[in-house]
Amino acid sequence: MELSKSLATGLIIAASLLGGCASNHTQDQAQAYSQDAGANQAVVDTSDPRDPLESVNREIWDFNWDVLDAYILRPITVTYVTVMPQPARTGLVNITDNLQEPANFLNNMFQGKVDDGLDSLARFLINTTVGLVGTFDVASKIGIERKREQFGETLAVWGLDTGPFLMLPFLGPSDPRSFTGDYVDGFAFPMSLLEGSVNLARIGISVLETRAQLLDQEAQLEQSVDDYAFVKNAYFENLEFRVTDGKSGDKAINDEQLDDFADFEAMLEGNDFDSYEESSEEAVDEPTDSEDTSADGSEKAKLKEKDAKSKDGK
């Protein structure tokens, strides 16, 4: 346990140092990577400010995806999904989720979400007792939904930026803020009490279930023009979605726009078409200012013409 904590601390410090000096060496890294790339390999776009370490991250991504995932993680995940019955998988996931509820409670409270924090605490107490150590999610069945919050999200609410995008060996996409948050969450009760094989089992179940959820999305990843960019963008979108509690994709529409759209929609449906047609006819019948002026001019011209004829007759 001490070794893992020391290693994690070292990685955090290294990530911070790399993030600080990356902006000064981004162009050099991009140039070196472009020279080493093959003729058929796409040129790396280092214009993304979120990813100053792109040349290094791409190499790690290729290793993770083409080697580790292809020959180790995916075969184990497929075997796990095939052999393990769904009720057993659900029970294991419920147990691992229940272990995180105290951390959810603290992070919700840190973010000022008192009601959500109390829900997390209630879920832990109910599922640990009535739900047999979290095997059954009794709390959800009685209407207390899970309010998942990580310390990395708490740091985001407090105003801390993600830092540079990191593609970590074995661990996949991350960033210094999220990596630090995961490390801090590990000290929350009862995860801080887990030792040895129990903690490894918890981590293993989380990794396998996360990878199992991606099996159906492999085709979409393989069809993408740039699989690395696809994963990076999906990572940041998902991170923003969780930090904003699902509000990142909402576009603000004011009341006036909503009223205009409602009127237009009603007209298309025929509800206001009669009134719209009547108003149009009234607009046609009523002469405009220019029409009034031209009419007056023509009347005056006719009167002058009559006067001229009467004078000629005399």
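The values are calculated or read from the model by the stated rules, or taken from the named source; none is laboratory data. Only a predicted model underlies this, so the values are computations on that prediction, with no experimental measurement involved. A quick note on method: Cβ atoms are made from the backbone with ideal geometry, for glycine too, and the neighbour counts reach across all protein chains shown. In case anyone asks, the SASA skips ligands and DNA or RNA and just uses the protein heavy atoms, side chains included. Shrake-Rupley method; radii C 1.70, N 1.55, O 1.52, S 1.80 Å.
I need the calculated FRET efficiency for the pair Phe170 and Asp226, taking r as the beta carbon distance and R₀ as 25 Å, to the nearest 0.05. Could the numbers behind the result be given before it?
Values: r = 22 Å, r/R0 = 0.89.
For R0 = 25 Å, the calculated efficiency reads 0.65.
Note on region 60-246: Cα-Cα pairs beyond 19 Å make up 64% of the total pair count.
Counting protein heavy atoms only, region 60-246 has 66 percent of its accessible area on carbon and sulfur, 1.4 angstrom probe. Excluding ligands, DNA and RNA, the accessible surface per residue across region 60-246 is 54 Å² with a 1.4 Å probe. A DSSP coil position with no more than 10 other Cβ atoms inside 10 Å describes the following GluC sites (Glu not before Pro) in region 185-230: Glu195. Near the amide H of Leu166, within less than 5 Å, lie the amide hydrogens of Ser174, Asp175, all on another chain or at least 5 residues away, with H placed in the peptide plane.
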